[in-house]
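Report on the following structure.
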Amino acid sequence: MADLFDSGEPAPDTAPRPLADRLRPQKLSEVIGQPQVLGPEAPLTVMLSSGALSSLIFWGPPGVGKTTIARLLADETELHFVQISAIFSGVPELRRVFDAAKQRRRQGQGTLLFVDEIHRFNKAQQDGFLPHMEDGTILLVGATTENPSFELNAALMSRAQVLVLQRLEEADLELLAQRAEAELGRKLPLDEDARRALMEMADGDGRALLNLIEQIMAWRVEGALDGKALSARLMRRAAQYDKSGDAHYNLISALHKSVRGSDPDAALYWFARMLEGGEDPRYLARRITRMAVEDIGLADPQAQAVCLQSWETFERLGSPEGELALAQAVAYLALAPKSNAGYVAYKGARKLARQSGSEPPPKHILNAPTKMMKEQGYGTGYAYDRDAEDGFAGQIYFPDGMERPDLYQPVERGFERELKKRLDYFGKLRAKRGE
C-alpha cells in the first residue's frame, strides 16, 4: 500500500535533486551537530542501544535535522517510515495513515509516523494519535518549531519524550560546507571573510546554508568573492522571529532580564534583535515602560518619565529615527538604580485587601456631613496633621483591630534611600506618639 503523498514509484536517477537532499545523511553517525541527543550518553543513543525507542517530539528551529533524524531512526529500528505534515493533513488523511499502519502491524511490521509541524494539529486531532500510540500501532515522532508546553496537549506530551534540537554552530556549518564542496567537486569561490559571512547568513540553518551554496556554485565566478561582493549578490537570511511565538517571548525575557541585571550592552543587543525581527516598536515602548515601573520604581522616579518621553518621541518622529529614543531609554533603565519595593508593596496590599474583605475605615477618619453621622461618631477624635507637632499626628488609618502591616520597604539605592529615611523618621514619630 502506498503511503500518503507517495506514488510508490521512485524518482528516476536523472531527476534533479537539490543539494540538501543529495547530502542527507544515511546513518545517525553522519548527522552534524545535536550531540545533546545523539552523543554517546545522549537520549537517542541510550534508547537505541537498549532497544526501547519511545515516541518523541523534536523541538527546534528549521534546518537542524529533525526530519533526517526521524528517518534514520526508522532505519535503525527497521520500522516503516511514514511522513506527513500537519499543514496539509486532516482527519481523513490521518485515518488512512492509521489504517495502513494497522495493516502493517498485522503483517509484523511496525510504523514510525513522522509528523512535521505537529503543533498545527488542533487538540481533537492530537487526541486522535493517543489510542494508536498506546496499542503500538505507531511510534510517533513529531517535529515542531514552537514550544510544546504551549502548543501540544498534556495527554500527548505525557506519552512522548521531548528532545530539544539546537541551531547549528559555526563549526557545524563549516563541516556541512566542506561536505557540499566534496559532493560538488570544487571549492566555494569565496575568500575567508566571505565564507564567514556565508555562515552568518545561514543563521544556524543547515538546509539554508546548502541552498545558499547551491546558488553560489551556479555563478560563473573567476577568483574568490570577498564579503562585500557576496552581500551584494545574496540577501541575508531573515532572522528567526515570530512575533506571536516562542522566540518573541524568549527575546523580550532576555531584554527584561538584561535591564534588570544593569547590563546596557546586552539590553541594547536584545532590543535590536527584536527590531531586526520585525517587532512593533510600540510594543517595545510599552514593555520598557513596564520595566521602569516594575524593576526601578521609586529608586529612580525619573525612569518612568524617560520611557514615556521616548515613547512620545517615537510617535512624533516615526521609524526608523524614533527607535533611537527608545534605545536611549533602554540604556537609561539598565543603568538606573533598581528596586521592586513598590511592586512588592502593591502586591502585598492587594493580597491584604482580599483577605480583609469589607472591613470599614475607622470612624475617626470618616467625614461627618450630617448630624446623624456625627452622632454615630464619624470624625470624632480625628487629629489634623498640620496642627500636630512636626506636622504628623501618628494616628491609625487601618481598620479597627487590624495589625499594622509593613507593606512598603524601600531599598538603600537611588532615590529610595531618601524615601527610606522618611519612612524611618515617621515610624519613630509614630512610635513616640503611641507611648
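Per DSSP H run of at least 4 residues, take -39500 (n - 2.57); add these up for the chain, divide by its residues and hand me the 222 nm value, nearest 500 deg cm²/dmol.
The helix contribution divided over the chain gives -14500 deg cm²/dmol.
Any of LYS371/LYS432; LYS347/LYS374; LYS347/LYS428 with alpha carbons more than 28 Å apart? Name them for me.
Over 28 Å apart, Cα to Cα: LYS371/LYS432; LYS347/LYS374.
Collect residues whose amide H, placed 1.01 Å from N in the peptide plane, falls under 5 Å from the amide H of LEU190; neighbours closer than 5 in sequence don't count.
Excluding prolines and chain starts, which carry no amide H, the hits are LEU225.
Given the convex hull over the Cα atoms of region 272-353, what projected area results after averaging over all orientations, in nm²?
Average projection, Cα convex hull of region 272-353: 5.8 nm².
Contour minus end-to-end for ASP21 and ARG196, with contour as 0.36 nm per residue of separation and end-to-end as the Cα-Cα distance? Provide the component values of the computation, followed by the final result.
On the way: separation 175, 0.36 × 175 = 63.00 nm, distance 2.36 nm.
Stretched fully, the ASP21-ARG196 segment lengthens by 60.6 nm.
So between ASP99 and ALA349, what do we pick up on full extension, going 0.36 nm a residue minus the alpha carbon distance?
Numbers: separation 250, 0.36 × 250 = 90.00 nm, distance 5.97 nm.
Residue separation times 0.36 nm, minus the Cα-Cα distance, leaves 84.0 nm.
Which whole-Hz couplings ³J(HN,Hα) result when phi for each residue of region 87-98 is put into the Karplus expression 6.51 cos²θ - 1.76 cosθ + 1.60, θ = phi - 60°, listed in order with x for Gly and Pro?
5, 9, 10, x, 4, x, 5, 4, 4, 5, 5, 5
Using the Karplus equation 6.51 cos²θ - 1.76 cosθ + 1.60 (θ = phi - 60°), what ³J(HN,Hα) coupling, rounded to whole Hz, does each residue of region 324-334 give in order, writing x for Gly and Pro?
Per residue, the Karplus-derived 3J(HN,Hα) values read 4, 4, 5, 4, 5, 5, 4, 4, 4, 4, 4 Hz.
Grab the beta carbon distance between LYS187 and GLN166, set R0 = 25 Å, and tell me the FRET efficiency rounded to 0.05. Provide the component values of the computation, followed by the final result.
On the way: r = 28 Å, r/R0 = 1.12.
My answer for the efficiency is 0.35.
Extension gain SER54-ASP424, at 0.36 nm per residue separation less the Cα-Cα distance, in nm?
That pair, SER54 and ASP424, stretches by 127.0 nm at full extension.
Once both labels are modelled 7 Å past Cα along the beta-carbon direction, what's the PHE398-ARG433 spacing in nm?
Going from the PHE398 label point to the ARG433 one covers 1.6 nm.
Picking from ALA303, ALA329, MET373, whose Cα lies most toward the positive end of the charge dipole for region 291-435 (charges on Cβ: Lys, Arg +1; Asp, Glu -1)?
MET373
By average Cβ neighbour count within 10 Å, what is the ranking of 262-274, 137-149 from highest down?
Averaged packing, sorted descending, gives the order 137-149, 262-274.
Would you mind checking the tilt of helix 264-276 against the longest principal axis of the Cα atoms of the chain, expressed as 0 to 90 degrees and rounded to 10?
60 degrees
In the chain, what is the volume of the convex hull around the alpha carbon atoms, normalised per residue and reported in Å³?
It is 257 Å³ per residue.
Once the dipole of the chain is set up with Lys and Arg at +1 and Asp and Glu at -1 on Cβ about the Cα centre, which of LEU48, LEU140, LEU352 lies farthest towards its positive end?
Selected residue: LEU352.
Hey, with R₀ at 51 Å, roughly what FRET efficiency would SER231 and SER29 work out to, going by the Cβ-Cβ distance, to 0.05?
Numbers: r = 36 Å, r/R0 = 0.70.
Given R0 = 51 Å and the Cβ-Cβ separation, E is 0.90.
In debye, nearest 20, what is the charge dipole magnitude of region 380-424 about its Cα centre with +1 on Lys and Arg Cβ and -1 on Asp and Glu Cβ, if you could check?
220 debye
Whole number in Å², please: accessible area per residue of the chain, 1.4 Å probe, ligands, DNA and RNA not counted. Intermediate results must be reported in sequence, preceding the final value.
Working: 24740 Å² over 435 residues.
Heavy-atom accessible area per residue stands at 57 Å².
Run the quick spin-label model on SER149 and TRP219: label points 7 Å from Cα toward the beta carbon, then report their separation in nm to one decimal.
Simple spin-label model gives 4.3 nm for this pair.
Which value, in debye to the nearest 20, gives the size of the charge dipole of region 27-177 about its Cα centre, when Lys and Arg are +1 and Asp and Glu are -1 at the Cβ?
680 debye
Hey, what do the phi angles of region 220-235 turn into as Karplus ³J(HN,Hα) couplings, whole Hz, using 6.51/-1.76/1.60 and θ = phi - 60°, x for Gly and Pro?
Going residue by residue, I get 9, 10, 9, x, 10, 6, 8, x, 5, 5, 5, 5, 5, 8, 10, 7 Hz, with x marking Gly and Pro.
Hey, with R₀ at 30 Å, roughly what FRET efficiency would GLU375 and GLU312 work out to, going by the Cβ-Cβ distance, to 0.05? Working shown, then result.
On the way: r = 53 Å, r/R0 = 1.77.
The pair GLU375/GLU312 has a calculated efficiency of 0.05.
Just the number, please: carbon plus sulfur as a percent of the accessible area of the chain, 1.4 Å probe, no ligands or DNA/RNA counted.
Using a 1.4 Å probe with all protein chains present, the chain comes out at 51 percent carbon and sulfur.
The values are calculated or read from the model by the stated rules, or taken from the named source; none is laboratory data. All figures in this text were calculated on a predicted structure; none of them were measured in a lab. Using ideal geometry, Cβ is built from the backbone for each residue, glycine included, and neighbour counts are taken over all protein chains shown. These area figures cover heavy atoms from the full protein model, side chains too; ligands, DNA and RNA do not enter into them. Shrake-Rupley method; radii C 1.70, N 1.55, O 1.52, S 1.80 Å.
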